[in-house]
Amino acid sequence: MSLRADVGVRLGELELRAEVQVRAGEVVAVLGPNGAGKTTLLRALAGLLALDEGRIEIGDVVVDDPDADVFVEPEHRSVGVVFQDYLLFSNLTALENVAFGLRARGRPRAEARAEAASWLDRMGLGPLARRRPRELSGGQAQRVALARALTTEPGLLLLDEPLAALDAGTRVEVRRDLRRWLARPGAATVVITHDPVDAYALADRVVVLEEGRVTQQGPLTEVTAHPRSRYVAELVGTNLVAGTVVGGVLRADGGADLVVPGDTPDGPAFAAVRPSAIALHRRRPEGSARNVWDMTVLDIDRHGERVRVRLRGPVDLVAELTPAGLEALDLHHDEQVWASLKASEVAVVPADRP
Amino acid sequence: MVFFALPFLGLLWRVPWGDAWGLLTQRSSLDALRLSLVCSLSATAISVVLGVPLAWILGRVGFPGRGIVRALCVLSMVLPPVVGGVALFAAFGRRGMVGGPLYDWFDVRFAFTTKGVIMAETFVSMPFLVLTVEAALRGLDRRPEEAARTLGASRWYAFRRVTVPAIRPALVAGAVLAWARALGEFGATITFAGNLPGRTQTMPLAVYLALESDTGQALVLSLVLITVSFGVLVGLRDRWLGGDPGTLR
């Protein structure tokens, strides 16, 4: 099912007015800073909050349209939600949690349990079926919550910061895993996140939400290449290089090599590089940096105390300097420059991306 | 401490232990005991059935005048029970506002019947359940209910499978408090239902009556009431009174 939503909600200080469209089979990340209205958007889509204005259509069913006096209760929408802190039912076992949606829809107990058990097995959680939520680790609880949301085979799956509550180690693992479950043919998925890396790893497309408004949308690489707001420039402006790691070197899809931390496992991955980690030089630098490239300045962008320099070279990158640093280098459009980057400054995230 | 303990020690000292069993098993005692149990348990059941939805409405549904409605619902808790009994009599008595038509049309009578005892006990004890459950509902995280709704649960299904388990301790505590209050109910009962042995004479009434004629029986029945009440308080210690973490199991 596809999602077509024009969400208008006023809630205290927040005035949310956002248009979001997701095609069937597509995963869209809603990316934005805290307080932008991301969770409010999710609650409106799920039916936990009624629209003040606008219209939500899931598949070809209008589920909320205040002008036409239409409001479909959450239990009658084809929606599944994975909440930020999962909200597993603490008095039920993992199996009963996963069976809940089927039981609520009136399926006989034995049938619902059998189907829930098969979902747990598929997600590698079979042995944990009888555990209570408090006996599960963060990663396990997250997968139980996902299984619970998926059993009813919703046409629209919503995930609120699915990785935020996990520790760093688990996050890498779950992130890799999650992508597999999110892309479901025929169903639309919306992932709420404030982390561009999650957005990149999980979604086909991002919608940037700031102060209740959509400021930008499109494939993440496109959005980061042309940041249209300070937030996008600063937070989403992380350089992302997709490629394949072999023996501590990431061979970018464009052909360039990027030396990454030595303990990075081989396989498809993408590298995230903060713009401020890239140093620029007039002459070829000598020193410990393992990555040195000959680049051309595409343009120079001033954002207050920060200057962002877009570079074209073996890999396209954005570097960030102080105004004083820019002055010292005396850089201009179309000039040649050397960029250097320490391997230790590269964060590598494994990805199952083509 | 001493002030609280002394009256009970005094009572234990006065109980005619030799005749206790005989006094307890004589017909009037057994009748009072049976009637007390039947009526207080019925009142508790009615309190749960009516009180939980009421607590839900007070705790969850915002409507104008909620404070006044809440005050009205718990008024019988602070009123002298005799006043409650008089009010019940005015409404449900033989010539009462509601009681009159009920009797004339359906031949249903509350005053001076066992039904009247149950009604009087419910009237004074339900507020305990309502207040306890309402407090629990207000303090409850509502998001698990929302999660249930997104999984296809109706409001009712979510309430039964998610909310009720979450407030179970408060529900149990409220029901037991209501029961204990119903068991000890005296004023409203004697005013509204009278003091008819076997029909409306519950334990506290029997104690009061026996005090004039047979002090021994009054003491023994008092002892039974004290034991039950004390048992309830000890049992509720952890849930209701906060308990002492050092003594938890």
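Observations on the model:
Quick grid of which residues meet (1) open to solvent by less than 60 Å² (accessible area, probe 1.4 Å); (2) at pLDDT 85 or above:
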{"site": "B:Val69", "(1), (2)": "yes, yes"}
{"site": "B:Ser76", "(1), (2)": "yes, no"}
{"site": "B:Tyr103", "(1), (2)": "no, no"}
{"site": "B:Glu145", "(1), (2)": "yes, yes"}
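- Residues (β-branched (Val, Ile, Thr), assigned to a helix (DSSP H, G or I) and farther than 26 Å from B:Phe123 by Cβ) located in region B:1-53: B:Val2, B:Thr25
- Any hit, region A:269-283, residues being open to solvent by 70 Å² or more (accessible area, probe 1.4 Å), assigned to a loop (DSSP other than H, G, I, E, B) and touching a Gly at 6+ places or on another chain (Cβ under 8 Å): no
- The condition (being β-branched (Val, Ile, Thr), surrounded by 13 or more Cβ atoms within 10 Å (Cβ to Cβ) and in a loop (DSSP other than H, G, I, E, B)) is satisfied by just one residue among A:Val315, A:Val297, A:Val309: A:Val315.
- Of residues in region B:153-170 being within 19 Å of A:His76 (Cα to Cα), within 10 Å of another protein chain (Cβ to nearest Cβ) and in a helix (DSSP H, G or I), the one most open to solvent (accessible area, probe 1.4 Å): B:Arg155
- Looking only at residues in region A:133-160 that are touching a strand residue (DSSP E or B) at 6+ places or on another chain (Cβ under 8 Å) and of a type in the set (Gly, Ala, Ser), the one that is surrounded by the most Cβ atoms within 10 Å (Cβ to Cβ) is A:Ala145.
- Residue match in region B:217-224 (condition: crowded, with 18+ Cβ neighbours inside 10 Å, more than 17 Å from the chain's Cα centre (by Cα) and over 20 Å from B:Leu24 (Cα atoms)): no
- Meets criteria (at pLDDT below 90, part of a helix (DSSP H, G or I) and out of contact with any helix residue (DSSP H, G or I) (no Cβ under 8 Å at 6 or more places or on another chain)) for B:Gly84: no
- Looking across region A:60-87, the residues that are facing chain B (nearest Cβ under 8 Å) and touching a Pro at 6+ places or on another chain (Cβ under 6 Å) come down to A:Val79, A:Gly80, A:Leu87.
- The single condition among (1) in contact with a Gly (Cβ under 6 Å, 6 or more places away or on another chain); (2) open to solvent by 50 Å² or more (accessible area, probe 1.4 Å); (3) modelled with pLDDT under 85 that A:Pro227 does not satisfy is (2).
- Being assigned by TED's automatic domain parsing to the domain that holds A:Gly313, surrounded by 22 or more Cβ atoms within 10 Å (Cβ to Cβ), in contact with a Gly (Cβ under 8 Å, 6 or more places away or on another chain) and among the hydrophobic types (A, V, I, L, M, F, W, C) is a description that does not apply to A:Leu209.
- B:Phe192 meets the conditions (1) farther than 15 Å from B:Ile118 by Cα; (2) modelled with pLDDT of 85 or more in every case but one. The failed one is (1).
- Within region B:101-152, tally of residues that are more than 30 Å from B:Thr202 (Cα to Cα), assigned to a loop (DSSP other than H, G, I, E, B) and in contact with a Gly (Cβ under 8 Å, 6 or more places away or on another chain): 2
- Among the candidates A:Leu178, A:Leu258, A:Leu163, residue that is touching a residue at least 24 places away in the same chain (Cβ under 8 Å) and touching a strand residue (DSSP E or B) at 6+ places or on another chain (Cβ under 6 Å): A:Leu258
- Given (1) assigned to a loop (DSSP other than H, G, I, E, B); (2) modelled with pLDDT of 90 or more; (3) more than 13 Å from chain B (Cβ to nearest Cβ); (4) buried (at least 18 other Cβ atoms within 10 Å of the Cβ), index of the condition A:Arg130 fails: (4)
- Hits in region A:236-252 - residues which are in a loop (DSSP other than H, G, I, E, B) and at pLDDT 80 or above: A:Gly247, A:Gly248
- Meets criteria (buried (at least 23 other Cβ atoms within 10 Å of the Cβ), under 27 Å from A:Ile56 (Cα atoms) and either charged (D, E, K, R) or over 13 Å from the mean Cα position of the chain (by Cα) (or both)) for A:Ala203: no
- Just one of the listed residues (A:Thr189, A:Thr215, A:Thr221) is of a type outside the set (Lys, Arg) and in contact with a Ser or Thr (Cβ under 8 Å, 6 or more places away or on another chain), namely A:Thr215.
- Scanning region A:334-351 for residues that are open to solvent by 30 Å² or more (accessible area, probe 1.4 Å) and touching a His at 6+ places or on another chain (Cβ under 9 Å) turns up just one, A:Trp338.
- Residue under evaluation A:Pro265, criteria (1) within 30 Å of the chain's Cα centre (by Cα); (2) touching a residue at least 40 places away in the same chain (Cβ under 8 Å); (3) surrounded by 16 or more Cβ atoms within 10 Å (Cβ to Cβ), criterion not met: (3)
- The number of residues in region A:134-152 that are in a loop (DSSP other than H, G, I, E, B) and not hydrophobic (A, V, I, L, M, F, W, C) comes to 3.
- Enumerated strands (runs of 3 or more DSSP E) restricted to region A:10-125, each holding at least 2 residues that are modelled with pLDDT under 90 and open to solvent by less than 20 Å² (accessible area, probe 1.4 Å): none
- All positions within region B:128-143 that are closer than 19 Å to B:Gly62 by Cβ, crowded, with 24+ Cβ neighbours inside 10 Å and of a type outside the set (A, V, I, L, M, F, W, C): B:Glu134
The values are calculated or read from the model by the stated rules, or taken from the named source; none is laboratory data. Nothing here was measured: the structure is a model prediction, and the numbers come from that model. Backbone-built Cβ (ideal geometry, glycine too); neighbour counts: all protein chains shown. When the accessible area is computed, the model is the full protein with side chains, heavy atoms only, and any ligands, DNA or RNA have been set aside. Shrake-Rupley method; radii C 1.70, N 1.55, O 1.52, S 1.80 Å.
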